[in-house]
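Nothing in this text is a laboratory measurement; each read-out follows from the coordinates by a stated rule. What you see is a predicted model; the values in this text were computed from it and never measured. Here the Cβ is made from the backbone with ideal geometry for all residues, glycine too, and neighbour counts use every protein chain on show.
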Amino acid sequence: MVFYMLYFTAELENLTNLQPRGGCDDPNYTYYFKVKCENCGEISQKETCVTMSESVPLPNGRGTANLVQKCKLCGREGSIQMISGHGQPLTLELSQRELITGLMVFDCRGFEPVGFSFGDGWKAESMIAGWCSSCCLLLNKC
Ligand SMILES: [Zn+2]
């Protein structure tokens, strides 16, 4: 298994505490990404959407994961499980210092998540009339 930490940052203007609506561990926040097969390197054509509140049984019958998918090219099955408790909202201070903050950890077996995209359902606290631009997601192995 490999753990990946998803980080995010954005340019905040008069906003602070940017995070998914229900917090970084929002069980209903949807993550959109593609998966790369560790066996043959094939990247899925379609984006997968995964939420923490939805889990499916693992093919071997031992527990569940948030995503179980089969590689279209080689047929190998992989799974991804989200691990909560590692995210922090992006504060104005972090944004001004051009720092990133953690969002979610993914425990990946057989697949590597690639190409995350920002979904809906974010919130921030407004300090006056604020706005947010250049949102960006980064993925690091941890
Ligand atoms: Zn494959």
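With no solvent and one equal point scatterer per Cα, compute the Debye intensity ratio I(q)/I(0) for segment 40-123 at 0.13, 0.14, 0.17 Å⁻¹ and report its log10, rounded to two decimals.
-0.53, -0.60, -0.82
Over the Cα atoms of the chain, compute the convex hull volume and normalise it per residue, giving Å³.
Once divided by residue count, the hull of the chain is 102 Å³.
Past 22 Å, Cα to Cα: identify those pairs from K46/K72; K46/K123; K36/K123, in the order given. Please report the intermediate quantities before stating the final value.
On the way: K46/K72 11 Å; K46/K123 27 Å; K36/K123 30 Å.
Result: K46/K123; K36/K123 exceed 22 Å.
Can you sort D120, D26 so the residue with the fewest Cβ neighbours within 10 Å comes first?
Values: D120 9, D26 20.
The most exposed by this proxy come first: D120, D26.
For a quick check: sort M5, M82, M104 by the number of other beta carbons within 10 angstrom, fewest at the front. All intermediate terms of the calculation are to be shown ahead of the outcome.
Values: M5 18, M82 21, M104 24.
Starting with the residue having the fewest Cβ neighbours, the order is M5, M82, M104.
Roughly speaking, what is the stretch gain from V56 to E98, that is 0.36 nm per residue apart minus the C-alpha to C-alpha distance, in nm to one decimal? Walk me through the intermediate numbers first.
Numbers: separation 42, 0.36 × 42 = 15.12 nm, distance 3.73 nm.
Residue separation times 0.36 nm, minus the Cα-Cα distance, leaves 11.4 nm.
Provide the net charge surrounding T30, with neighbours chosen by a C-beta distance below 13 Å and charges set as Lys +1, Arg +1, Asp -1, Glu -1. Could you put the intermediate results ahead of the total?
Values: positive: R21; negative: D26, E47, E54, D120.
Computed value for this residue: -3.
Give me the percent relative contact order of segment 2-141, please, defined on Cα pairs under 8 angstrom at least 6 residues apart. Could the numbers behind the result be given before it?
On the way: 337 pairs, mean separation 60.8, N = 140.
Over segment 2-141, the number comes to 43 percent.
What ranking do I100, I80, I43 get, fewest neighbouring Cβ atoms within 10 angstrom at the top?
Working: I100 18, I80 24, I43 14.
In increasing order of surrounding Cβ atoms, one gets I43, I100, I80.
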